[in-house]
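Student: Quick one: the structure is below, questions incoming.
A short reminder: the numbers here are calculations on the coordinates, not readings from a lab. Treat the numbers as computed from the prediction; the structure is a model and nothing was measured. As a convention, Cβ positions derive from the backbone with ideal geometry for all residues, glycine included, and neighbour counts pool all protein chains shown.
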Amino acid sequence: AGTGKFFVGGNWKCNGTKESITKLVSDLNSAKLEADVDVVVAPPFVYIEQVKNTLTDRIEISAQNSWVGKGGAFTGEISADQLNDIGCKWVILGHSERRHVIGEDDQFIGKKAAYALSQGLGVMACIGEKLEEREAGKTFDVCYQQLKAFAGKFLDAVPSWDNVVIAYEPVWAIGTGKVATPVQAQEVHVAVRDWLRKNVSAEVASKTRIIYGGSVNGGNSAELAKQEDIDGFLVGGASLKGPEFATIINSSA
Ligand code: PEP
């Protein structure tokens, strides 16, 4: 089992307006959050400044993507250096929507992660299998392959894994309302931890947070949080509702 502090991230994706985000921030500011949990939210880039200026310091801010290297002539991209400059502490990389809707591959994602880490950002490194891969018995292979692409680059870029959180997000569970069962999630989390033990070190395996994502909500988070190797959550839809997100944050208590 992991020894890291419980970690809950909220991925707002491409949702929100100035008005809805004002309400969400105000709900989060007034929510009672357990002390022993790291909490991070990832607003769309254009609202990061608004959130940074209004949200309690108790919650850190993440981006949902970053460019693969230093900035320059890359229209439409945002660099890790710029995220640092505005006080953003984290970035989500390898999310299934970027892999499977936008078409990013392992190589590109690994490079992005290495660059973000080299600039001091924390990385939520997402992995997870598609439904047909699960049905073909390839869940572990797919996750190992994606981990390898991250880790190969991490190992070149940073000696420390302290800034890495691994998010296991089965693609079939993201935004579908079909949450993995606690047993299904735990099984993959153990496999990820074993992979880290064998391929990196026992210390990294025990301290790295392995969080689950995929239709987590206020009603299913407590059962999932009881699993030995589930060290937190990455939450999409339910992170847009302040009180429900607070319930998820507090679900390990
Ligand atoms: C996500 O996008 O990381 C996610 C887990 O989404 P949802 O909670 O909506 O399934």
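Student: What number, in percent, do you get for the relative contact order of the chain if the mean sequence gap of Cα pairs under 8 Å and at least 6 apart is divided by its residue count?
Tutor: For the chain, the relative contact order is 24 percent.
Student: Using helices alone, I'd like the mean residue ellipticity at 222 nm for the chain: each DSSP H run of four-plus residues gives -39500 (n - 2.57), total over residue count, nearest 500.
Tutor: Taken over the chain, the calculation gives -11500 deg cm²/dmol.
Student: Using alpha carbon centroids, what distance separates the stretch 214-245 and the stretch 51-77, in Å?
Tutor: 23 Å
Student: Run through the stretch 76-106 and list the trypsin sites (Lys or Arg not before Pro) located in a DSSP loop whose Cβ has at most 15 other Cβ atoms within 10 Å.
Tutor: Passing sites in the stretch 76-106 are Lys89.
Student: Turning to a different aspect of this structure: Kirkwood Rh, the stretch 85-208, all Cα pairs: how many Å?
Tutor: Mean inverse Cα-Cα distance, inverted, gives 14.8 Å.
Student: Given the Cα atoms of the chain, and with Rh set as the inverse mean 1/r over their pairs in the Kirkwood sense, what is Rg to Rh to two decimals? Please report the intermediate quantities before stating the final value.
Tutor: Numbers: Rg = 16.8 Å, Rh = 18.0 Å.
Value, to two decimals: 0.93.
Student: Could you work out the relative contact order of the stretch 177-221, using alpha carbon pairs under 8 angstrom and six or more residues apart, expressed as a whole percent?
Tutor: This gives 47 percent for the stretch 177-221.
Student: Using only the Cα atoms of the stretch 1-82, what do you get for the radius of gyration and for Dmax, in Å?
Tutor: Reported Rg and Dmax, both Å: 14.6, 44.
Student: Just grab the label-to-label distance for Ser26 and Lys198, each label 7 Å out from Cα along the Cβ direction, in nm (one decimal).
Tutor: 5.3 nm
Student: What number, in percent, do you get for the relative contact order of the stretch 79-141 if the mean sequence gap of Cα pairs under 8 Å and at least 6 apart is divided by its residue count?
Tutor: 40 percent
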